[in-house]
Amino acid sequence: MNARTRQWMVAGAVFLAVLAVTVGWVGYLHARSTPHWQQTAPGAWADPLPEGGMPMRVASLTTTPMLITDRGDQPAPAGALWAIAVIDYRPPAEGSYCALILLAADGRRWSGVSPLDYSGKRALDSGCGSPAGADGTARGELIYLIPEDGAGSLAGLAGVVSAYRGTAPHPVLTPAR
Amino acid sequence: MNRRWAGGLIAVLACLAMIGLHTWLGETPREHTTRVALGKPGRLYDSTITVNSSTIGQALYSDNLFVGRSGVIFLAVNVTIATDGTRRSLDWTVGGESNGRSFAARDPITVPEPGFRITQDVVFEISPDDLAGFTLTVLDRAPIYAYDPQLEIDLGVTPDAAAQSLEKDRYAVVRTTRGRVEVDR
């Protein structure tokens, strides 16, 4: 091997090393910024919140064009549906709060509707602020507004994923029914 | 120069190049700016925004509620935002620029959830002199940002059009809406 060939080989090796580090770094950043969802068994308990410490399950997830409250029926906008998730949770002694997103199989995700966005009160409390019962669990509901074309592909509920997330999978609570 | 010194020189030059590149990247804008015409949709990460029209006046009503009266003028820019991507963007910055000055919108903008759109007014309080050439700016920040999309939408108000508009509507009532979400069909 002459000197010129050796120089080209060294240059090529350096180029490949730089390329490998760049590809590896970009791949790592992409993996960190792309949430990896892991579907639970239907109705199974999991701990979806980033801070942890509150196991939850989705007892049911239903869609309806009309939201029933003590002030009458609240229609969804034309072409939209209310998605109502009933959740069971085991609140810690210091109190609880939850903000879960509704995920569709195509990757769309919706944030919950505030109780201030509709008129009246519903039978179940909104969110996860209720105290635990004798068995250590409480029940609440989360309400979402989704387009009709999303109703057939709802996957479940997941915790709000922060921007600087790890590469660990995030549980998606699959409804029991 | 012998071979040993040549290697050292290359290492020093490589370090200087890295420092220069880092400095340059730190000074350059982190946004990818696109100019969009009035009435045309501009693309952001998961949404589009279209500027429909603009109105001016001195008294401001929002959804039929009196908001206030301006010592200068209110400029209301009517926009439609549609989220056709997978998630609602949470970090929008909406502002305006004219005559080298920057303006903040009076209220935050509402970005709809996926599959929905909303038509609403973005209100600025500006000097009459800044009406001509006013440009709406919209920046959509990602959590880890680099070259985030920024749109510049010229309202198309020429000095002559601004003069005519001020003569006609300077003391008019501006009726704005915060909008209602509807399904994006």
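If neighbour count is taken as other Cβ atoms inside 10 Å, put B:Y147, B:Y45 in order from fewest to most.
Working: B:Y147 12, B:Y45 16.
In order of increasing Cβ crowding within 10 Å: B:Y147, B:Y45.
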Can you give the angle from 0 to 90° between the axis of helix A:3-33 and the longest principal axis of chain A, with both taken from C-alpha atoms, to the nearest 10?
10
Treating the angle as unsigned and between 0 and 90°, give the value, to the nearest 10°, between the Cα long axis of helix B:3-27 and the longest Cα principal axis of chain B.
10
Bins of 5 Å, beginning at zero and ending with the bin holding the largest distance: percent of Cα pairs per bin for region A:1-50, please.
4, 15, 12, 12, 9, 9, 8, 7, 6, 5, 4, 4, 3, 1
What distance in nm lies between label points placed 7 Å from Cα along the C-beta direction at B:R175 and B:E97?
3.5
Just to be sure I understand: with springs between alpha-carbon atoms less than 10 Å apart, which residue in B:V174, B:V72, B:V111 has the highest mean-square fluctuation in the Gaussian network model of chain B?
B:V72
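Whole number please: convex hull volume per residue, Cα atoms of region A:44-177, in Å³.
Values: hull volume 15.8 nm³, N = 134.
For region A:44-177, the hull spanned by Cα atoms encloses 118 Å³ per residue.
What percent antiparallel are the DSSP beta bridges of chain A, to the nearest 5?
Numbers: 31 of 35 bridges.
That works out to approximately 90 percent antiparallel.
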Computed over chain B: longest principal axis from alpha-carbon atoms vs helix B:159-169 long axis, angle to nearest 10 degrees, is 30
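For B:R30 and A:E94, what does the FRET efficiency come to when R0 = 45 Å and r is the distance between their Cβ atoms, rounded to the nearest 0.05?
Values: r = 40 Å, r/R0 = 0.89.
Computed FRET efficiency for B:R30 and A:E94: 0.65.
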Once both label points are put 7 Å beyond Cα along the C-beta direction, the B:A14-B:L65 separation in nm becomes 6.3
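How many times 2.2 N^0.38 Å is the alpha carbon radius of gyration of the protein assembly as shown?
Details: Rg = 27.0 Å, N = 362, 2.2 N^0.38 = 20.6 Å.
For the protein assembly as shown, the normalised Cα radius of gyration comes out at 1.31.
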Let me confirm one metric for peptide B:104-117, namely the mean number of other chain beta-carbon atoms within 10 Å of its residues' beta-carbons.
3
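Using unit Cβ charges (K, R positive; D, E negative) and no other charged atoms, how large, in debye to the nearest 20, is the dipole of the protein assembly as shown about its Cα centre?
Details: 32 positive and 35 negative charges, 256 e Å.
Rounded to the nearest 20 debye, it is 1220 debye.
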Average projected area of the Cα convex hull of region B:29-183, in nm²?
8.9
Just grab the label-to-label distance for A:T69 and A:T167, each label 7 Å out from Cα along the Cβ direction, in nm (one decimal).
4.6
Note to self: C-alpha centroids of region A:37-66 and region A:1-29 sit apart, in Å, by 47
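Quick note: the coordinates plus some simple rules give every number you see, no bench work behind them. What you see is a predicted model; the values in this text were computed from it and never measured. Cβ: placed from backbone, ideal geometry, glycine included. Neighbour counts: every protein chain shown.
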